[in-house]
Structures are given as C-alpha cells and as structure tokens.
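Q: After the structure tokens below, expect a handful of questions from me.
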Amino acid sequence: MFTLSHANGQQIPDEKFLAAWSIWFQRFQPSLDPLTDAMPRLPSIDPLALQLAAGGHFSLNVLCRTLATPPYRNTMQATGDLMAANAHLLEPLGDVRNPASGRLVEGARLTPDAQTLLKTSASDSAWAEEIEALLAADIEVEAGGVDELLAASLDPYVEQGTAAVMAAPVGGAGSRGDLVARLVQWIDQDPFQPRYRGKAVRGQVQGWAERLEAYFWPTPDVDHRATQLRLTPLLNTAQALAATAGRWTHQEKEQANDFARAVFKWGGVPQKPFDARTVEAVFLSAIGGISQPGALMNSGWTKVAAFATGHVGADNGLVIWDSRVAHSLIRRIDALLVADGQLGIPSYLQHIGHVPGRGGTRKQVAYTLPWPSGYRSWPAVFAGSALVREIRDELNRLGIAALLIDGKATRWTARLVEMVLFMDGY
C-alpha cells in the first residue's frame, strides 16, 4: 500500500498510485517515460491552488495532494518521511529539472519493483479511470474550515474565452416558458465539438440526440450507455434506501455509507469523513424537497441527492447541479437575457446559481448579469433541477427523440438532459 504520511496515514493501493504516476507523466510531461524518468518532489507548505497557479502541476507534492482526502489537500506531502514510507515504490534522485522553473531540484523515480508492477498493472483500466475522473472533476479543498473549489486548474488544456463570445438568438424571453423554449431551440441548432484534455474527439455534432451520443465520462470510451450500465447497481441501491429513508437499520446505514463512497469514486469527488446520519439527511432533503439539518451539499453530495431521487417521480427528481451543468444553462440564459436588453435576473429564475469550475470555458467566462452562487446550495439544486425538468418536458412536447431503442424513439428524462448539459458546460 502507498502511504500518504501527512494525510493522517491514508493508504491507497500501490496500483492506484502508479496509475496516477503514469497519468501525471502523460498529461504534464508526455516526452518523459514514467517507468524510468524522475518527477520533481517540490515539497512546499503553499496552498495547492497557489502551487498550481505557479505551474507546479508536475510534482510529487501536487500528485499526492490530489490523491489525499480534502482535509489534507493543503498539507505538504512529498517529504522525506513520505519517501521513506514508500521506499518499495519510490527512490530519491537528485538534480531533477523542474519544468516550471528550469532549476535542478530533488526528485523521485520508480524502484525496479514499481516499474515491474506498473508494467503488469497497465492493462487494468479501472484505476486509470478513477484518476481521470478525479482530474476531470471539480476538486475541493478545505480553506478556513470550509470546503471551497480549487481555483487553479489541473487541466493544462484550457480553451480561451469561448463562452464569453457566444452569440445568442434575439427574440422575446418574456416568460420562463419562452426562455425554456428558446434554450431548447438554441442548443438543438448550436454545433457542438466534444473535447477531452482540451483536444477534439470524434466529430462535431448538432442536435439534442446527437449531443447525447457524444456524452462520455470520464474518458471518451465510456459513453452514455456504458455510464448508465455502470450506474444501474447504484441507482438500484438508492431506490431501496430511499424507500426506508428516515428509519434505516444498522445494515442499511452501512449500505448507505458504501453507496455514497461509490458515488464519490465514480464522480471523482472524494469527501471528508462522513457517517450514515449525513447520507440519510441528504436522502431526506432530496426526497422531501427541503434541506434537512446536517444535509451537506457540494459537488459530491449533489450526485448522491440526484441518485436518491432517481425513482421518486418525473416531477420531483433532482439532477446533478455541478459546475458544468450550471455553466451550460447560465451562460446561455445570461446571453439570451442580455440580447433581449434585460438588465437584471428575472424573479422566475430565483435561486439559479453558478458553481465555480476549473477547466474549459468555465474558467474564463464572466457572466454579464449578477448570478448568485449555487455552490453548496440546496435551493440552487432544487431550482436548477426544476429548470432541467422543464427542458425535458419541452423536448418531449416537440417530439424530439432522445434515443432509438429497437427502432423505437424514446422520450427524454431529466437525467438524459443533464448529460447533454454536462458536456455543453465544459
């Protein structure tokens, strides 16, 4: 096991660390060989966001902080103690060039045993997918005792200002219904290019159904069908837990903790330690439509809330209100309202709030109107989900098919709409 000595002794499988080690080379120094080349250690007490802002992505310190649970993301990791605790995988090496500064610094490279293990475990994509999800998700750090989204990006491939120059169609958004209709039409007619690590993948598409076909998470080979297949066991568990929420047995509480951890792993959003009381409060809040005491909300818990309501009915189900879904809708609504001469946010959009994100167009865009924060906000999740459900209803009213199954057109669900918006909001 790989030991994060300064994260309360947190341990992760050697294969998971080696998957991260390999991906770090692929993403930040692709000209180097992860088997034989070294990585700068760069131990530092600076906050993680500050290290990233200084270009310190390719370092053992940033790698280990990213793998650590949220309370330890701002704790120095790549020390001599960590090297000693993991001598079976890492060996020290001096005079390693830091690509950010050009200076020679202390580094680390894989031991012969680690090289052999990396070669033999390379065919196991499960760990690699988990690391990819972690890098693609919105990483949270603890700052001032509060979870905050990491401002700097672990994605070096960032599009510049795409969202800020979107051309919105002009024409009377006088009511919420009008606005939803125009959103549906705009997204349907707007060409979309899927991207992975900032590079175009597959071809450009147009239309709601075609956009759904372009969905993937966390890597391009995991499309919406594979994702729904993977999530089926979790959704089944959530349905069973939702039926007895508020009176869980000891066994159900253990099942709920395992369920939440699996959701966080899928979404790439590990959380601070929690117990079944927190999970149950989130379930009850999601099902009842009113936040309960102790019900946490952030980029991870919104996924638990959405899955908890996967079977409560078409009028009450929640969606994952993360930075990508929120950004997709708000950047378009903002542009529509501004194009129509609106100077403020209409009352019928109360509680629609943005969630800060780290990559793609989310990092640069500056909305024209003063949208409130939707981060860690239950009202934003409820309001955003209601808006997504209205988009679903408009799509079905127009007869725009989501998918063809056995030659038959299927209707849109809020979850399928959310998948399209997730891709649109990168």
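Q: Taking segment 298-308 only, how many residues are crowded, with 24+ Cβ neighbours inside 10 Å and assigned to a loop (DSSP other than H, G, I, E, B)?
A: 2
Q: Could you check segment 176-200 and list, in sequence order, the residues that are among the basic types (K, R) and assigned to a loop (DSSP other than H, G, I, E, B)?
A: Within segment 176-200, just R197 meets the criteria.
Q: May I ask you to list the residues in segment 278-289 that are aliphatic (A, V, I, L, M), in contact (Cβ under 8 Å) with a residue 24 or more places away in the chain and surrounded by fewer than 24 Cβ atoms within 10 Å (Cβ to Cβ)?
A: If the condition is that a residue be aliphatic (A, V, I, L, M), in contact (Cβ under 8 Å) with a residue 24 or more places away in the chain and surrounded by fewer than 24 Cβ atoms within 10 Å (Cβ to Cβ), then L284, I287 are the ones that fit.
Q: Turning to a different aspect of this structure: If you go through segment 3-10 one residue at a time, do you hit one that is modelled with pLDDT under 95 and surrounded by fewer than 16 Cβ atoms within 10 Å (Cβ to Cβ)?
A: Taking every residue of segment 3-10 in turn, at least one turns out to be modelled with pLDDT under 95 and surrounded by fewer than 16 Cβ atoms within 10 Å (Cβ to Cβ).
Q: With the requirement that a residue be farther than 26 Å from I131 by Cβ and either within 16 Å of the chain's Cα centre (by Cα) or loosely packed, with under 12 Cβ neighbours inside 10 Å (or both), what does segment 247-274 give you?
A: R247, T249, H250, Q251
Q: Checking the conditions here, which among S125, S101 is outside the structural domain of R324 (by TED's automatic domain parsing), under 29 Å from the mean Cα position of the chain (by Cα) and surrounded by fewer than 19 Cβ atoms within 10 Å (Cβ to Cβ)?
A: Answer to the selection: S125.
Q: Would you check which residues across segment 201-219 are assigned to a loop (DSSP other than H, G, I, E, B), surrounded by 15 or more Cβ atoms within 10 Å (Cβ to Cβ) and in contact with a Lys or Arg (Cβ under 8 Å, 6 or more places away or on another chain) and list them?
A: The answer is A214, and nothing else.
Q: Could you give me the residue pairs with C-beta distances under 7 Å whose first residue belongs to segment 61-74 and is farther than 15 Å from A136 by Cα, whose second residue is surrounded by 24 or more Cβ atoms within 10 Å (Cβ to Cβ) and among the small types (G, A, S) wherever it lies, and which are 6+ apart or on separate chains?
A: N61/A78; C64/A78
Q: Then there's this: Is segment 47-54 home to any residue that is closer than 22 Å to T111 by Cα and of a type in the set (G, A, S)?
A: no
Q: Considering (1) in contact (Cβ under 8 Å) with a residue 60 or more places away in the chain; (2) on the phi > 0 side of the Ramachandran plot, say which one G102 fails and leave the rest.
A: Just one mismatch for G102, condition (1).
Q: Continuing with this model, one more query. Of all strands (runs of 3 or more DSSP E) completely enclosed by segment 101-173, which ones contain at least 3 residues that are modelled with pLDDT of 75 or more and under 26 Å from A87 (Cβ atoms)?
A: Output list reads 104-110.
Q: Right, another one. Examine segment 54-73 for a residue that is modelled with pLDDT of 90 or more, in contact with a Leu (Cβ under 6 Å, 6 or more places away or on another chain) and within 18 Å of D33 (Cβ to Cβ), and state whether such a residue exists.
A: yes
Q: Condition first: small (G, A, S) and within 20 Å of the chain's Cα centre (by Cα). Now tell me which residues in segment 5-27 satisfy that.
A: Residues satisfying the conditions are A19, A20.
Q: So which residues in segment 46-61 are hydrophobic (A, V, I, L, M, F, W, C) and either crowded, with 23+ Cβ neighbours inside 10 Å or closer than 17 Å to G102 by Cα (or both)?
A: L48, L52, A53, A54, F58, L60
Q: Of the numbered conditions (1) touching a strand residue (DSSP E or B) at 6+ places or on another chain (Cβ under 9 Å); (2) under 19 Å from K265 (Cβ atoms), I23 fails exactly one; give the number of that condition.
A: Status for I23: all satisfied but (1).
Q: Does at least one position in segment 327-349 carry a residue that is within 20 Å of A133 (Cα to Cα) and not aromatic (F, W, Y)?
A: Yes, because at least one residue in segment 327-349 is within 20 Å of A133 (Cα to Cα) and not aromatic (F, W, Y).
The values are calculated or read from the model by the stated rules, or taken from the named source; none is laboratory data. Remember, it's a predicted structure, so these values are computed and weren't measured experimentally. Positions of Cβ are generated from backbone atoms using ideal geometry, with glycine treated the same way; all protein chains shown enter the neighbour counts.
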